[in-house]
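K.L.:
One structure, as structure tokens, below. Some questions next.
The values are calculated or read from the model by the stated rules, or taken from the named source; none is laboratory data. Being a predicted model, the structure only gives us computed values, none of them experimental. Glycine gets a Cβ as well: all are built from the backbone with ideal geometry, and neighbour counts include every protein chain shown.
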Amino acid sequence: MTKKVLCIIGTRPEAIKMAPVIKALLAEEDIQCRVLATAQHRDMLDQVLGLFGITPDLDLDIMRPDQSLTALTARLLSGLDSVLQSEKPDVVLAQGDTTTVMSAALACFYLRIPFGHIEAGLRTGDLYNPFPEEANRVIVSKLARWHFAPTQGAVDNLFREGVPAADISMTGNTVIDALLMTAAQTLPLDIDLDSSKRLVLVTSHRRENFGEPFQGICQALKTLAQRNPDIQILYPVHPNPNIKDVAYAFLGQTPNIILCGPLDYASFIAAMKRAYLIISDSGGVQEEAPALGKPVLVLREETERPEAVDMGVMKLVGVNRDTIIEQAQRLLEDTDAYRTMARGVSPFGDGKAAERIVGVLRQYFQQCG
Ligand code: UD1
Ligand code: UDP
């Protein structure tokens, strides 16, 4: 009998990391794959869905400008409840640590629908860092039926919290599937870059950095650009007004800094490939940059992706202005230090994560009969 799997996606990174799973589910004969966009993000979500050719079957159109976490959660829970009741999926899948994922897990729990968590087991151990994502992950791990962990470290975190071994599968991270699928195609980069300059690619959007920390990040970027006329900084700015307004005010007038809107995923991969150095507080970029052999300086005090730090290809630099400048300057000046970090390693996956996740579900459905 055909089983129904509902894939729930809300933000840009969820769409990127769910795309390979959705494609794999659509290829299954005995599974009906339905896609629900909560649209916690609107334009950034649509950008990814367009690139991967995914049209959601259902769309809650949740996003509001400068949304608060509480109002967002309330809208999500109420919207998800009615859709889940009418769709009656056999299984729900969601990826990551956003408010969409936490709300989806909770709504499924209330309706006793088995929930599969993709990218399970990431932890910093500090509920406020990253905020609110660490709390979202901890909540989801209490509620999920399947935990698809990307690495052995993530598996160990789940064991430590008492998740039964039989409910955990180490699959790798689906971001590497998405990266390989996309990077195999011709990549556009429709931005007029100066080929005589080294490219420094930047992204930053974390809620815990809003205000003073983000101003410090901007000051560091400005100083780096002024001190190093041989670099060009490309910064696709997140549309959250707490980020966008500050980034344009601080960096808009610096000649060797290019600010632009979010790049579509293929263009962003092209920019990563072209980059000499990446500076970011993004989760996904921490996973992709090492796979592309690009050193990444992480604008956070803690990371839930320690594997790349342990391998020496990623460094936590926090949000202190002087530390960011010092660490970036070192990589710009010291070729040996740079080379040590610019090794193509992929601690987060091998491109077959989606296949493994679908395999686990196939087996479950066979057992259910
Ligand atoms: C969200 C996730 C974060 C994830 C990030 C990926 C939560 C609480 N946060 O953070 O974990 O790392 O997405 O990018 O789940 N906006 C737009 N257009 C868009 C998207 C956002 O204008 O397409 C603006 C809106 O004003 C919106 C605001 O950004 O209210 C914040 O969006 P939200 O999803 O709440 O937070 P993010 O910072 O994007
Ligand atoms: N990304 C993109 N365009 C951009 C910036 C990032 O497509 O302009 C991709 C990036 O390659 C990664 C994902 O978006 O796969 C990360 O999303 P984000 O940083 O918004 O969220 P996080 O991973 O921190 O949750």
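K.L.:
Give the stretch 191-231 a look and list any residue that's acidic (Asp, Glu) and at pLDDT 95 or above, or say none. Walk me through how you get there before you give the answer.
P.N.:
Here is the first cut: in the stretch 191-231, the ones acidic (Asp, Glu) are 192, 194, 208, 212, 230.
194, 212, 230 - these are the residues of the stretch 191-231 that are acidic (Asp, Glu) and at pLDDT 95 or above.
K.L.:
Quick check on the stretch 112-124: of everything there that is part of a loop (DSSP other than H, G, I, E, B) and touching a residue at least 12 places away in the same chain (Cβ under 8 Å), which residue is farthest from residue 365 (Cα to Cα)?
P.N.:
124
K.L.:
Out of all the residues in the stretch 86-97, is one or more without any contact (Cβ under 8 Å) to a residue 40 or more places away in the chain and not aliphatic (A, V, I, L, M)?
P.N.:
Looking only at the stretch 86-97, we keep the residues that are without any contact (Cβ under 8 Å) to a residue 40 or more places away in the chain, and these are 86.
From what's left, not aliphatic (A, V, I, L, M): 86.
Taking every residue of the stretch 86-97 in turn, at least one turns out to be without any contact (Cβ under 8 Å) to a residue 40 or more places away in the chain and not aliphatic (A, V, I, L, M).
K.L.:
Assigned to a loop (DSSP other than H, G, I, E, B), over 20 Å from residue 18 (Cβ atoms) and either within 16 Å of ligand 2 (Cβ to nearest atom) or among the basic types (Lys, Arg) (or both) - does that describe any residue in the stretch 89-111? Outline the logic, then answer.
P.N.:
We begin by selecting, within the stretch 89-111, every residue assigned to a loop (DSSP other than H, G, I, E, B); these are 89-90, 96-98.
Still in the running and over 20 Å from residue 18 (Cβ atoms): none.
For the stretch 89-111, residues assigned to a loop (DSSP other than H, G, I, E, B), over 20 Å from residue 18 (Cβ atoms) and either within 16 Å of ligand 2 (Cβ to nearest atom) or among the basic types (Lys, Arg) (or both): absent.
K.L.:
Of all residues being within 16 Å of ligand 2 (Cβ to nearest atom), closer than 13 Å to residue 247 by Cα and touching a residue at least 40 places away in the same chain (Cβ under 8 Å) in the stretch 207-226, which is farthest from the chain's Cα centre (by Cα)? Just the residue, please. If you could, list the steps in order and put the result at the bottom.
P.N.:
Residues of the stretch 207-226 within 16 Å of ligand 2 (Cβ to nearest atom): 207-210, 213-214, 217, 221.
With closer than 13 Å to residue 247 by Cα added as a condition, the list becomes 209-210, 213-214, 217, 221.
If we keep only those that are touching a residue at least 40 places away in the same chain (Cβ under 8 Å) too, we end up with 209, 213-214, 217, 221.
Details: 209: 17, 213: 21, 214: 19, 217: 20, 221: 23 Å.
Going through the qualifying residues, I end up with 221.
K.L.:
Among what's in the stretch 1-59 and is within 16 Å of ligand 2 (Cβ to nearest atom) and among the acidic types (Asp, Glu), pick the residue that is nearest to residue 174 (Cα to Cα).
P.N.:
So, considering only residues that are within 16 Å of ligand 2 (Cβ to nearest atom) and among the acidic types (Asp, Glu), the one nearest to residue 174 (Cα to Cα) is 14.
K.L.:
Tell me, yes or no, whether the stretch 244-255 has at least one residue that is closer than 25 Å to residue 129 by Cβ, of a type in the set (Val, Ile, Thr) and away from ligand 1 (no atom under 16 Å from the Cβ).
P.N.:
Checked against the condition, which is being closer than 25 Å to residue 129 by Cβ, of a type in the set (Val, Ile, Thr) and away from ligand 1 (no atom under 16 Å from the Cβ), the stretch 244-255 yields no hits at all.
K.L.:
Right, here's the next one. Check residue 92 against each of (1) touching a Pro at 6+ places or on another chain (Cβ under 8 Å); (2) closer than 23 Å to residue 128 by Cα; (3) surrounded by 18 or more Cβ atoms within 10 Å (Cβ to Cβ) and name the one condition it does not meet.
P.N.:
Of (1) touching a Pro at 6+ places or on another chain (Cβ under 8 Å); (2) closer than 23 Å to residue 128 by Cα; (3) surrounded by 18 or more Cβ atoms within 10 Å (Cβ to Cβ), only one is false for residue 92: (2).
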